[in-house]
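The values are calculated or read from the model by the stated rules, or taken from the named source; none is laboratory data. Here the structure is a predicted model, which is why all the values come from computation and not from measurement. Quick reminder, even Gly has a Cβ in these numbers, built from the backbone with ideal geometry, and neighbours come from all protein chains shown.
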């Protein structure tokens, strides 16, 4: 089983910058696990690393699709596996960095063999979603609170699939997940930068302000001008969704900014809940980059490989 280093964590926690520094120290290459950074032209809102950074440290799974194209966890696993194999073939370290935790779990454990799709059930669910999406999400929260927490309220595709699986199999999709998640596909060290929640929220709000002043509105306009429909899956990403609403006249600029901040804070809270609930005892919380996080991750990696004594490998568990 191949060794793999993973840097996960909530939005705004500094995963990307930490991953770059660790890659520089360990001779690594980054495999992005961001569900929206795969799309070309979606740079500001997904906080993609600059061209300069990418010239220094190779990044994979960025800019591989047009925004009009769908992308699934299964497709992510396929292209991530290929990238990891190629990196290992160059005697480099693959470092998977990202906050799309469903993708990360799929990479580590694979996707469960789910029931076949039912066009009839899916059509009914899509109709209900178009009529009252919050009510559909609440239905999932009632039937399968674990899945609702993990998926979140805005991921239409996965919410409808979870309800479809529940109706087809008679079991919650979370039951299928637990039954399937037995044998890992990689021998992975799991790390995440820890920030106290007030600090995390300050970082999130500052980043949203920078996105709006740094050209995010123009980025969305360019995507729409290229012919991408406003209801494309790619434009459901936080920030993009609010700007589409703004450009449609349903929000003004300040409302779009505030809703983006609020949605980002809620996402971070869900991600923290998911991390604690699903990786307890396996995830190593480390300081952020500016507090020595890269050195901490490198120490953990050396211990993981058995090249340093346990007492020399720092594991600073974070607490809210």
Residue 84 vs. criteria in contact (Cβ under 8 Å) with a residue 60 or more places away in the chain and farther than 25 Å from residue 272 by Cβ:
yes
In this structure, does residue 150 turn out to be within 24 Å of residue 4 (Cβ to Cβ), within 22 Å of the chain's Cα centre (by Cα), not in a loop (DSSP other than H, G, I, E, B) and not assigned by TED's automatic domain parsing to the domain that holds residue 275?
yes
Residue match in the stretch 170-177 (condition: out of contact with any helix residue (DSSP H, G or I) (no Cβ under 8 Å at 6 or more places or on another chain), crowded, with 19+ Cβ neighbours inside 10 Å and in a loop (DSSP other than H, G, I, E, B))
no
Condition first: more than 22 Å from residue 191 (Cα to Cα), assigned to a loop (DSSP other than H, G, I, E, B) and at pLDDT below 95. Now tell me which residues in the stretch 68-101 satisfy that.
68, 69, 70, 71, 72
Within the stretch 154-168, does at least one residue satisfy the condition of being crowded, with 17+ Cβ neighbours inside 10 Å, under 17 Å from the mean Cα position of the chain (by Cα), part of a loop (DSSP other than H, G, I, E, B) and not assigned by TED's automatic domain parsing to the domain that holds residue 268?
yes
Going through the stretch 44-57 one residue at a time, which ones are crowded, with 16+ Cβ neighbours inside 10 Å and touching a helix residue (DSSP H, G or I) at 6+ places or on another chain (Cβ under 7 Å)?
44, 45, 47, 49, 57
Of everything in the stretch 10-42, what is assigned to a helix (DSSP H, G or I) and touching a helix residue (DSSP H, G or I) at 6+ places or on another chain (Cβ under 7 Å)? Give them in sequence order.
17, 18, 20, 21, 22, 25, 26
Segments classed as helices (runs of 4 or more DSSP H), wholly inside the stretch 213-282, with at least 3 members that are under 22 Å from the mean Cα position of the chain (by Cα) and within 23 Å of residue 101 (Cα to Cα)
240-247, 253-278
For the condition in contact with a helix residue (DSSP H, G or I) (Cβ under 9 Å, 6 or more places away or on another chain), in the same structural domain as residue 105 (by TED's automatic domain parsing) and either modelled with pLDDT under 95 or more than 21 Å from residue 154 (Cβ to Cβ) (or both), what is the one hit in 269, 261?
269
Of the residues in the stretch 125-147, those that are surrounded by 14 or more Cβ atoms within 10 Å (Cβ to Cβ), touching a residue at least 12 places away in the same chain (Cβ under 8 Å) and outside any loop (DSSP other than H, G, I, E, B) number 10
Could you tell me whether the stretch 18-28 includes any residue that is farther than 24 Å from residue 232 by Cα, surrounded by fewer than 19 Cβ atoms within 10 Å (Cβ to Cβ), out of contact with any strand residue (DSSP E or B) (no Cβ under 7 Å at 6 or more places or on another chain) and at pLDDT below 95?
no
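Does the stretch 109-124 contain at least one residue that is assigned to a helix (DSSP H, G or I), touching a strand residue (DSSP E or B) at 6+ places or on another chain (Cβ under 7 Å) and closer than 19 Å to residue 188 by Cβ?
no
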